[in-house]
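Beneath this line is the structure, given in structure tokens, with notes to follow.
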Amino acid sequence: MNKSESVSYYPLGDAAVVAVFSEAISEQVNHRIRLVGAGLDKLENPAILEYVPAFTTITVYYNPLSINFAEVVEHIQHIVAALPEEIHLSSANKIIPVWYDGPDLDEVADYTGLRKQEVIRLHSENEYIVYMIGFAPGFPYLGGMDSRLSTPRKPTPRLKIEPGSVGIAGAQTGIYPIETPGGWQIIGKTPVRLFDSTKEIPSFLAAGDRLRFDPISEAEYLRMKGADYGD
């Protein structure tokens, strides 16, 4: 099976194609999806309106009056066929300071059987990769969390989560960029502004970025917050 045959395609309504690269989440799959997105950018085809990368898929939206499903699939297949066997992409490295004093830190510690300081250590010592941005503007879905921290979502979501809140849901961790309802277990918060609609590039993080969490004190959090850290 060649590279293009390993990808499956199905329509999403009458104006989008979903390309499925794998059933399993991995950095290699994520890198392939990012390269396909870059290839679509190079096409500069006005009939291809936008694309949305995810963990194992990329959804391509198009103008059905100008191009059809089969033609979009053919474009994607040509891009996939030209991908190198070994993929190495450059990525930005970010440090996200976190004041670990979230309302659910005790609950995560109780569920996992870990002490609070151990939860903080395990959460902050790993390097994470941003697999995709979604759910809310600028919300990063991160891979790389220690499996010992896995904790179910809250049975009843909160109606309001503060911007910058760092949470855990199942085997994932993420950061709320804006005020929104949510059911993740909140273990801390960062002064970094993850989303600013006034900027040319509004999201502080992008798919493919790597990051580490850096534990800080309440005083450091307040100082950084007052200085609009991350702007």
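Laboratory data are not the source of any read-out in this text; all were calculated from the coordinates shown. None of the values given here were measured: they were computed from a predicted structure. Cβ sites come from the backbone with ideal geometry, for glycine too, and all protein chains shown count toward neighbours.
As I understand it, the dipole of the chain uses +1 on the Cβ of Lys and Arg and -1 on the Cβ of Asp and Glu, about the Cα centre. Which of Asn68, Pro163, Tyr131 lies farthest toward its positive end?
Towards the positive end, the residue furthest out is Pro163.
Farthest toward the dipole's positive end in the chain, which of Ala92, Thr57, Tyr141, given Cβ charges of +1 (Lys, Arg) and -1 (Asp, Glu) about the Cα centre?
About the Cα centre, the residue reaching furthest to the positive side is Tyr141.
Placing +1 on the Cβ of each Lys and Arg and -1 on the Cβ of each Asp and Glu in segment 4-81, which of Ser6, Asn30, Ile79 has its Cα farthest towards the positive end of the resulting dipole?
Selected residue: Asn30.
Can you give the extra length, in nm with one decimal, that the chain gains between Asp101 and Asp41 once fully stretched, where that is 0.36 nm per residue apart less the Cα-Cα distance? Please list the in-between numbers first.
Details: separation 60, 0.36 × 60 = 21.60 nm, distance 4.17 nm.
Gain on stretching Asp101 to Asp41: 17.4 nm.
Dipole magnitude of segment 4-81 about its Cα centre, charges +1 at Lys/Arg Cβ and -1 at Asp/Glu Cβ only, in debye to the nearest 20?
140 debye
Give the cross-link partners of Lys42 among the aspartates and glutamates, using a straight C-alpha distance below 17 Å as the criterion and excluding same-chain residues fewer than 8 apart.
Filter leaves Glu50, Glu71, Glu74.
Which value in nm describes the separation of the simple spin-label points at Arg148 and Asp214, placed 7 Å from the Cα toward the beta carbon?
2.5 nm
Which value, in debye to the nearest 20, describes the size of the charge dipole of segment 82-139 about its Cα centre when Lys and Arg Cβ atoms bear +1, Asp and Glu Cβ atoms bear -1, and nothing else is charged?
On the way: 4 positive and 10 negative charges, 35 e Å.
It works out to roughly 160 debye.
Trypsin sites (Lys or Arg not before Pro), restricted to segment 1-72: which are DSSP loop and have at most 10 other Cβ atoms within 10 Å? Don't skip to the end; give the middle numbers.
Numbers: sites: Lys3, Arg32, Arg34, Lys42; in loops: Lys3.
Those that pass, being in a loop and sparsely packed, number zero.
Using the crude model of +1 on Lys and Arg Cβ and -1 on Asp and Glu Cβ, and no other charge, please compute the dipole size for segment 89-231 relative to its Cα centre, in debye to 20. Display every interim value, and only then the final one.
Numbers: 16 positive and 19 negative charges, 38 e Å.
So the magnitude is around 180 debye.
Hey, fewest Cβ within 10 Å first, where do Ser26, Ser8 land in order? Please list the in-between numbers first.
Numbers: Ser26 14, Ser8 11.
Fewest to most other Cβ atoms nearby, the residues stand as Ser8, Ser26.
For the peptides 49-59, 159-169, what is the packing order when you average, over each peptide's residues, the other Cβ atoms within 10 Å and list the highest mean first? Working shown, then result.
Numbers: 49-59: 17.3, 159-169: 18.8.
The densest-packed peptide leads the list: 159-169, 49-59.
Pull out the extension gain between Glu200 and Ser26, defined as 0.36 nm times the separation in residues minus the alpha carbon to alpha carbon distance; nm, one decimal. Write down the numbers at each step before the final one.
Details: separation 174, 0.36 × 174 = 62.64 nm, distance 2.98 nm.
Length difference between fully extended and current span is 59.7 nm.
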